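Some notes on the structure that comes next.
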Amino acid sequence: MWYLVGDIGGTNLRLAAMGSTGAVLRRSEHSTEGQTTLPDACAALCAEMGSPPDGMAVAVAGVVVDDQVRMTNANRTISRGDLARACKIAPSDVLLLNDFEAAAWSLATLDAAKVTFLQGGPAPQPGARVIIGPGTGLGVGSLVWQGTRPTAVPGEGGHLRLTPHSAEEVAYFEALIALWPEVQMGEALAVEAEAILSGTGMPHWYRAIANVRGEAARLDGAAAIFAAAKAKEDMSASCAVALMAQYLGGVAGDLGLILGARGGVFVTGGVAQQNAWIFDDAFLAAFNAGGRHSKWREALPLGLCNDPDFGLLGARNCLFVHQDRSLPD
């Protein structure tokens, strides 16, 4: 008996074969923009295992509608029927999940040893939990309990609105909208959060700030911008990353307040895991800046989830609960 789980983001396509206890038996990884399609990768893994899986759950960075998902930051469409045919199983045995629905499911078996707590620690009771992840895009998910049964709540929190926090930032937002008009929210001076809080958005945000400051935008790509900011080699990069971290802290704190996340707020994703240095005192201050509810926010556990397999584990957890199987300890 084995199960096939997948985590398909804007950059990487990850698959794993898991046994009945939830342990990883075999892995497969490809570039999302490479020549290998998800059905082909799944068929290849099934061939390696020598039999069809006893169930399948795939987390995809996009909105699931009518048994298929169009990836938000990649030119791919994935359907339940295609995956079922590739693996030679019934469509009813395939679960398609939003990637941060799966991320939320991972919180049901959270390994505290793989979390760097910035505030508080593991909650003694389950409590609602929120996970937010700046990566290629910005993902948001939450986990709640119905009695003893965990349930993930999917959503598109990465596309909530951000507005300037100071007079200085007004010009930055105006420049960002001029460079990337489709991220503007209505006619207001507001953009979707992913326009700033993601690896895709960071180059646009950096160029907008450099334009306003009259500096050359000499860096290409989010990785170079974060590296230059960490080394203090580019003032526009330093400004862009510092503001990004403060906005991220504020959004994470807002989501924790909205969901009543006594079980904790967790940050993960490629950008977060590769740039843990941005989670400094300014990030924490932004997280806890809640006006009359600042003390409430200060009581929320806040952690950086360092487990690169959170998407795979979440897909596994969802599949196991769907099949009324016990979750791994």
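Observations, loosely collected:
- Filtering the range 230-252 to residues that are in contact with a Phe, Trp or Tyr (Cβ under 9 Å, 6 or more places away or on another chain) and among the small types (Gly, Ala, Ser) leaves 236, 237, 240, 245, 249, 250, 252.
- Qualifying positions in the range 146-157 - surrounded by fewer than 24 Cβ atoms within 10 Å (Cβ to Cβ) and touching a strand residue (DSSP E or B) at 6+ places or on another chain (Cβ under 8 Å): 150, 151, 153, 154, 155, 156, 157
- The set of residues in the range 295-329 that are open to solvent by 40 Å² or more (accessible area, probe 1.4 Å) and assigned to a loop (DSSP other than H, G, I, E, B) comprises 299, 306, 308, 323, 324, 325, 326, 327, 329.
- Residue within the range 173-195 that is more than 19 Å from residue 255 (Cα to Cα), under 23 Å from the mean Cα position of the chain (by Cα) and exposed (fewer than 15 other Cβ atoms within 10 Å of the Cβ) present: yes
- Check on residue 285, modelled with pLDDT of 95 or more, loosely packed, with under 15 Cβ neighbours inside 10 Å and either over 18 Å from the mean Cα position of the chain (by Cα) or under 17 Å from residue 104 (Cα atoms) (or both): yes
- Pairs linking a residue in the range 266-289 that is under 11 Å from residue 304 (Cβ atoms) to a residue that is of a type in the set (Phe, Trp, Tyr), with Cβ atoms under 6 Å and 6 or more positions apart or on different chains, are 268/310; 275/226.
- Just one of (1) surrounded by fewer than 20 Cβ atoms within 10 Å (Cβ to Cβ); (2) touching a helix residue (DSSP H, G or I) at 6+ places or on another chain (Cβ under 8 Å); (3) within 28 Å of residue 109 (Cα to Cα); (4) among the basic types (Lys, Arg) fails for residue 85. It is (3).
- Residue within the range 14-37 that is open to solvent by less than 20 Å² (accessible area, probe 1.4 Å) and part of a helix (DSSP H, G or I) present: no
- Pairing each residue of the range 223-252 that is closer than 13 Å to residue 285 by Cα with any residue that is of a type in the set (D, E, K, R) and part of a helix (DSSP H, G or I), provided the two are 6+ apart or on different chains, yields C-beta distances under 9 Å for 243/169.
- Residue selected from the range 192-212 under the condition assigned to a helix (DSSP H, G or I), touching a residue at least 40 places away in the same chain (Cβ under 8 Å) and not charged (D, E, K, R), by the criterion farthest from residue 137 (Cα to Cα): 212
- Verdict on residue 143 being in a loop (DSSP other than H, G, I, E, B), buried (at least 19 other Cβ atoms within 10 Å of the Cβ) and in contact (Cβ under 8 Å) with a residue 40 or more places away in the chain: no
- Being modelled with pLDDT under 95 and under 19 Å from residue 158 (Cβ atoms) is a condition met by at least one residue of the range 200-217.
- Residue in the range 163-176 that is under 13 Å from residue 139 (Cα atoms), in contact (Cβ under 8 Å) with a residue 12 or more places away in the chain and either in a loop (DSSP other than H, G, I, E, B) or not polar (S, T, N, Q) (or both) present: no
- Every residue from the range 38-70 that is under 23 Å from residue 137 (Cα atoms), in a strand (DSSP E or B) and either among the acidic types (Asp, Glu) or open to solvent by less than 10 Å² (accessible area, probe 1.4 Å) (or both): 57, 58, 59, 60, 62, 69
- Taken over the range 23-42, the criterion of being within 27 Å of residue 324 (Cβ to Cβ) and more than 22 Å from the chain's Cα centre (by Cα) is satisfied by 23, 25, 26, 42.
- Only a single criterion out of (1) under 27 Å from residue 156 (Cβ atoms); (2) surrounded by fewer than 21 Cβ atoms within 10 Å (Cβ to Cβ) is not satisfied by residue 241, namely (2).
The values are calculated or read from the model by the stated rules, or taken from the named source; none is laboratory data. What you see is a predicted model, and the numbers here were worked out from it, not measured in a lab. Positions of Cβ are backbone-derived with ideal geometry, glycine not excepted, and every protein chain shown enters the neighbour counts. Please note that ligands, DNA and RNA were not included when accessible areas were found on the heavy atoms of the full protein model with its side chains. Shrake-Rupley method; radii C 1.70, N 1.55, O 1.52, S 1.80 Å.
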